[in-house]
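S.K.: A single structure is presented below for examination.
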């Protein structure tokens, strides 16, 4: 969370006095009090080593270094619509801006530190709101599309990249008063100070997803190709409210296998990875809804799709229903899929195997028209 403290320098006069009115100045400080990490407990078997860190980064929520500020002025009526907005970037923890007397709505969100310019998070204004979504990624085999639809997924062909972690805060009806009694006097700087408070919360959540291979002592499952996707995740979020959109999408993420990992006293092969996502469809942010999922799209199922490579080099895509786990961890957490290898039927040829999960061929694409709902 981020603490936001604002300092207002009002005109040094009282109502009714014939003195020139100076426009007041806002001095804002952002104090970082961040303490929000994915909690690892005895249920996380995959672990996290140096190579995992080099591929996906750390497991903690990163601290941002710059922010965008949207300042909506509403005059004397809190019910006024946003007819004008001031926007500026904060690169330090202190800045000064001019305010008029009256009511303001203020939106703050963090920028992405993308050194190589590969940011996939997209920010767009839509009326009075700011909407975040991501770019698309590779295609998917038509057979997987049909399997996804048979599971009740409302999934377009083609899937979305994982959004980068970012944070937002939205304060409504911030009142800038001409009454000096609303301010504190700072004798050092000789200004009157008004404190504004807000907290920045993550709008993208971290999931740690692991797959435990049971009864693979004969090595029938040789490995993985790393391709994994999860269905019915929100394709957007409202930055102002933190409420996710209700248009579902597949989100692609990569996995890596580790062998001979101790799981409940047995040595097993485990593959896993980190997934970042806006979360479940039509879901409130965790600081409003608590730990229990209260979204409006309970009819959606979260299916995870993954490839396994057999010892005859055939690749087959499998699926698992993780809906209950996702709803129990609607704002990030550990998701575990148990796979009994002794119950899997070995594909004898490419037709039985079905090939890799993701096949980026042009003829396999459906045309998709996206509608972002506020």
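S.K.: For a footprinting-style exposure proxy, rank 206, 224, 123 by other Cβ within 10 Å, fewest first.
M.R.: Sorted ascending by nearby Cβ count, the order is 123, 224, 206.
S.K.: Give me the distance in nm between label points sitting 7 Å out from Cα along the Cα-to-Cβ direction at residue 89 and residue 65, one decimal.
M.R.: In this crude label model, residue 89 to residue 65 measures out at 1.2 nm.
S.K.: Taking other Cβ within 10 Å of each residue's Cβ, how do 181, 236 sort, fewest first?
M.R.: Fewest-to-most Cβ neighbours within 10 Å comes out as 181, 236.
S.K.: Something else now. Between segment 51-86 and segment 233-273, how many Å separate their Cα centres?
M.R.: Spelled out, the Cα-based centre of one part sits 24 Å from the other.
S.K.: Oh, and also: On full extension of the chain, what length is gained from residue 179 through residue 55, given 0.36 nm per residue of separation minus the C-alpha to C-alpha distance?
M.R.: Result for the pair: 39.2 nm of gain on full extension.
S.K.: Now for a separate question. Pop the C-beta distance of residue 76 and residue 113 into the FRET formula with R0 = 45 Å and round what comes out to the nearest 0.05.
M.R.: In this case the efficiency is close to 0.70.
S.K.: Run the numbers on segment 232-349 and let me know its relative contact order in percent, using alpha-carbon pairs under 8 Å that are six or more apart.
M.R.: 21
S.K.: Please give the FRET efficiency for residue 222 paired with residue 324, using the beta carbon to beta carbon distance and R0 = 35 Å, rounded to the nearest 0.05.
M.R.: Calculated value: 0.70.
S.K.: Taking the Cβ of each residue in 243, 79 as the centre, tally the other Cβ atoms inside 10 Å and list the residues starting with the fewest.
M.R.: 79, 243
Readers should treat all values here as calculations from the given coordinates under stated rules, not as data from a laboratory. What you see is a predicted model, and the numbers here were worked out from it, not measured in a lab. A quick note on method: Cβ atoms are made from the backbone with ideal geometry, for glycine too, and the neighbour counts reach across all protein chains shown.
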